[in-house]
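Presented below is the structure to which this report refers.
The values are calculated or read from the model by the stated rules, or taken from the named source; none is laboratory data. These figures come from a predicted structure and were not determined experimentally. Here Cβ is always computed from backbone atoms with ideal geometry, including for glycine, and neighbour counts include all displayed protein chains.
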Amino acid sequence: MKQAKIAIIVVALSGSALIYFITRSGADPIPDTPESATEWMCQECEHVFSLTAMAAYDEFQRAGGNAPLFCPACNEKKAYRAATCMTCGTKYLGFGPGRTGACPKCHPDEPDYEPVPKFDDPAGPEPEEPDWSEPQDTTPRKRGPPAL
């Protein structure tokens, strides 16, 4: 009799654990609340817009999984996270491709971007050839710790 009660309890607990693990969602849901919103700015038309965490997730999926996102105003794929100046409250493109992160209103003398160097060859500039006209030191070097 006692063994039957223990078996029933074990089966009931196992069943409830199984139901719990089957019905629970694997991760916390992505919030779709105003508190989860982030601000974005288009590099093309300077349109500023907000996206909740869920909307940002959807836009990242639409954009192929990474920034930049599509701008809702001009539909160009040039929207990056907007920065807000702590001094004046201006929204601007903070850090991004070639950006310095300086507020254009508080720091008008600084360029709003640093030019990204471009090379004709994707591998970059070719290394300089050594000057073979001078004699080269071909003395074998000893391996091991330096002499004291």
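Within the stretch 21-55, restricting attention to residues that are of a type in the set (Ser, Thr, Tyr) and modelled with pLDDT under 60, which residue is nearest to Arg81 (Cα to Cα)? Walk me through how you get there before you give the answer.
Kept after step one, since they are of a type in the set (Ser, Thr, Tyr), are these residues of the stretch 21-55: 23, 25, 33, 36, 38, 50, 52.
From the residues that got through so far, the ones that are modelled with pLDDT under 60 too are 23, 25.
Working: Thr23: 36, Ser25: 30 Å.
Restricting to residues being of a type in the set (Ser, Thr, Tyr) and modelled with pLDDT under 60, the top hit is Ser25.
Mind listing whichever residues of the stretch 75-110 are β-branched (Val, Ile, Thr), in a loop (DSSP other than H, G, I, E, B) and either exposed (fewer than 13 other Cβ atoms within 10 Å of the Cβ) or at pLDDT 80 or above (or both)? Matches in the stretch 75-110: Thr87, Thr90.
Of the set (1) among the hydrophobic types (A, V, I, L, M, F, W, C); (2) at pLDDT below 80; (3) touching a Lys or Arg at 6+ places or on another chain (Cβ under 6 Å), all apply to Phe70 but (2). Could you grab the pairs with beta carbons closer than 9 Å, sequence gap of 6+ or different chains, first residue in the stretch 56-74 and in a loop (DSSP other than H, G, I, E, B), second one of a type in the set (Val, Ile, Thr)? Every condition considered, no pair remains. For the stretch 26-45, the tally of residues that are within 25 Å of Cys103 (Cα to Cα) and not in a loop (DSSP other than H, G, I, E, B) stands at 7.
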